[in-house]
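Structure, as structure tokens:
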Ligand SMILES: Nc1ncnc2c1ncn2[C@@H]1O[C@H](COP(=O)(O)OP(=O)(O)OP(=O)(O)O)[C@@H](O)[C@H]1O
Ligand SMILES: Nc1ccn([C@H]2C[C@H](O)[C@@H](COP(=O)(O)O)O2)c(=O)n1
């Protein structure tokens, strides 16, 4: 996951390949609650691991469920519909997870304990009054701890004998279908008689109710439905675990990759995006996004648990759609509309206003930043397409809303070749923590940005480059480590850095069984991180690096580090030879005295004793060799910015490089 303050997505030109998507959030949290209320153990396969499922799991653990995770499988032992009596008041924090807050409010109101349910500030702005009213009609005891109608809530123990089960329970269906889902999931706890729920107002997001009914049936509860207005939970209903249950991949998450297939062509101009884990026969309502994507021109094939999407009509065809049945996935259509042949209108989407953020306003604001003309009203949004000259490079605010972050990544396919900056990209953790990594695994960029930091030994290149890479979410190449490992391999093979061994050392370099993992360097699985960091290893590296065949053998390996979303590379010839087209080249220096002192401190802190004088003469000898060799000598690239950090702290050097980088970016302020 990208935990950076922002993520710059370079202009993307194509996409093709296969993605496997994480489990559905809606199915995951429903299954978890049902398994928790059932008796016995349920093994849940392919559960979504995200912020929203984590808060649900924490709550269920606090209620006394046994939870045992192994890879993508989770075993949950339920409480059999009963809490241990006499427990203390339980405070439960539910983040911004509506799929946890609403169903847990209903279930806990009927379970009998005392609870306080709270969430992030936005959760305290998301309405829950209609659900609380329905539960209160029944006899549940729920108080508002802040604003009436909104979390946080205090739930007090209920007297089951006093529950009013004779009259139908009335609940509004036109604000959020989660209120009805919450009642359907929880009311079997009280079903000593038939319980009838009547929906007031036109029920929105019906497909989500279908998921609820489908999963209740898997857990042994056969709800009777009359239209979308009346639901009966039969007397004597009891949750019974199905044993094993599989969670489909998230159909809402699939929307971004369906859109990707519709917008982008592969390198050969005809490849497709294959999505694994969900097919057109999914039980999730958002799978009907496929119909909308087809209407816009996408070619979608499907089989059991897979979809295959490729570009059909281009530009996409504008649509006018009642998107009430796919409220979450429809946000993706709003960005696809930028690539259409006329204005597209999404109607009947008032529920967008009470989601993670006011999504109608959020989408309109951010689409306008890209240059689009957008009209919006209480329950609709109309997006006009953008012509090539109209596109602007924008910093997209994400409003702590995962879907805003994910759907705006599609703007990186703009014909103007502009990058897109996504602020706070970590908000995707709500449902799809590795969204951007998954996108980058199939996307192709004409130009992956590179920042090169070259300079003499101990100037601080590695420290600076690694930190700049971390702050930008870029990959990091420590090219010196490749020469150091080659030097080590040479020693172990009994060779020396002489011309007569050049071909053999180059052959070793070309086939290094090298892996970089968690800051460690592994050679054929052996951790050689410390061994290659000694001064002697540095000297060996400097010697092998003078051999042209060795440098040639390492060229392609270094260039393979250039991957989306970008790369920071440090060494001696990053800017001159390996990445001559890098967008920013820095030549980092410091006085020999300063460098010797820094290296001295560094070695002393590792418990290696040495003298300043010997370090300084070694360092000067290494600089002389690195600068005077015939191939790719250490020298600044012609277009490099020079940074002498003798008098700068590490933080000041980082700030300087980041400032230079920002100066090159086209983004308008957020
Ligand atoms: N601006 C700075 N001010 C003070 N100390 C620094 C600065 N930059 C780096 N250092 C320290 O100097 C030491 C050497 O830095 P680093 O290992 O990053 O250098 P390098 O140029 O990558 O060296 P090499 O080429 O040998 O790999 C480290 O202990 C680091 O913390
Ligand atoms: N791009 C590079 C990187 C390194 N080398 C050589 C020369 C250095 O003395 C040696 C060790 O590098 P360090 O880990 O100290 O950065 O490797 C090179 O020639 N080209």
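The table for this structure:
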{"read-out": "Qualifying positions in the stretch 481-499 - in contact (Cβ under 8 Å) with a residue 12 or more places away in the chain and in a helix (DSSP H, G or I)", "value": "481, 482, 483, 484, 485, 486, 487, 488, 489, 490, 491, 499"}
{"read-out": "Enumeration of residues in the stretch 607-643 that are closer than 17 Å to residue 480 by Cα, within 13 Å of ligand 1 (Cβ to nearest atom) and under 42 Å from the mean Cα position of the chain (by Cα)", "value": "626, 634"}
{"read-out": "Residue in the stretch 526-536 that is surrounded by fewer than 24 Cβ atoms within 10 Å (Cβ to Cβ), closer than 30 Å to residue 11 by Cα and without any contact (Cβ under 8 Å) to a residue 12 or more places away in the chain present", "value": "no"}
{"read-out": "Every residue from the stretch 586-601 that is in contact with a helix residue (DSSP H, G or I) (Cβ under 9 Å, 6 or more places away or on another chain) and within 13 Å of ligand 2 (Cβ to nearest atom)", "value": "587, 588, 595, 599"}
{"read-out": "Residue check, residue 175 in a strand (DSSP E or B) and out of contact with any strand residue (DSSP E or B) (no Cβ under 6 Å at 6 or more places or on another chain)", "value": "no"}
{"read-out": "Where residue 453 falls short, out of the listed (1) buried (at least 24 other Cβ atoms within 10 Å of the Cβ); (2) more than 12 Å from ligand 1 (Cβ to nearest atom); (3) outside any helix (DSSP H, G or I)", "value": "(2)"}
{"read-out": "Single condition residue 58 does not satisfy, out of (1) modelled with pLDDT of 95 or more; (2) assigned to a loop (DSSP other than H, G, I, E, B)", "value": "(2)"}
{"read-out": "Residues satisfying the stated conditions in the stretch 353-369, i.e. more than 21 Å from residue 257 (Cα to Cα) and buried (at least 18 other Cβ atoms within 10 Å of the Cβ)", "value": "355, 356, 357, 360, 362, 364, 369"}
{"read-out": "Check on residue 314, surrounded by fewer than 16 Cβ atoms within 10 Å (Cβ to Cβ) and either within 25 Å of residue 283 (Cβ to Cβ) or at pLDDT 95 or above (or both)", "value": "yes"}
{"read-out": "Residues that are within 15 Å of ligand 2 (Cβ to nearest atom) and assigned to a loop (DSSP other than H, G, I, E, B), drawn from the stretch 607-633", "value": "629, 630, 631, 632, 633"}
{"read-out": "Pairs, first over 14 Å from residue 461 (Cα atoms) and touching a residue at least 12 places away in the same chain (Cβ under 8 Å) in the stretch 575-598, second within 14 Å of ligand 2 (Cβ to nearest atom) and part of a loop (DSSP other than H, G, I, E, B), C-beta under 6 Å, six or more apart", "value": "576/637; 577/632"}
{"read-out": "Helices (runs of 4 or more DSSP H) (entirely within the stretch 500-561) containing at least 3 residues that are within 16 Å of ligand 1 (Cβ to nearest atom)", "value": "535-544"}
{"read-out": "Unique residue being over 30 Å from residue 425 (Cα atoms) and either more than 12 Å from ligand 2 (Cβ to nearest atom) or in contact with a strand residue (DSSP E or B) (Cβ under 9 Å, 6 or more places away or on another chain) (or both) when the list is 500, 558, 563", "value": "500"}
{"read-out": "Residue count for the stretch 28-43, restricted to those that are at pLDDT below 95 and either within 26 Å of the chain's Cα centre (by Cα) or outside any strand (DSSP E or B) (or both)", "value": "1"}
{"read-out": "In the stretch 573-606, the residues that are assigned to a strand (DSSP E or B) and either within 16 Å of ligand 1 (Cβ to nearest atom) or surrounded by 22 or more Cβ atoms within 10 Å (Cβ to Cβ) (or both)", "value": "585, 586, 587, 588, 589"}
{"read-out": "Residues that are under 13 Å from residue 349 (Cα atoms), assigned to a loop (DSSP other than H, G, I, E, B) and more than 22 Å from the chain's Cα centre (by Cα), drawn from the stretch 287-333", "value": "323, 324, 325"}
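The values are calculated or read from the model by the stated rules, or taken from the named source; none is laboratory data. Note that the coordinates shown come from a computational prediction; the quantities given were computed from them, not determined experimentally. When we count neighbours, we look across all protein chains shown, and the Cβ atoms used for this are built from the backbone with ideal geometry, even at glycine.
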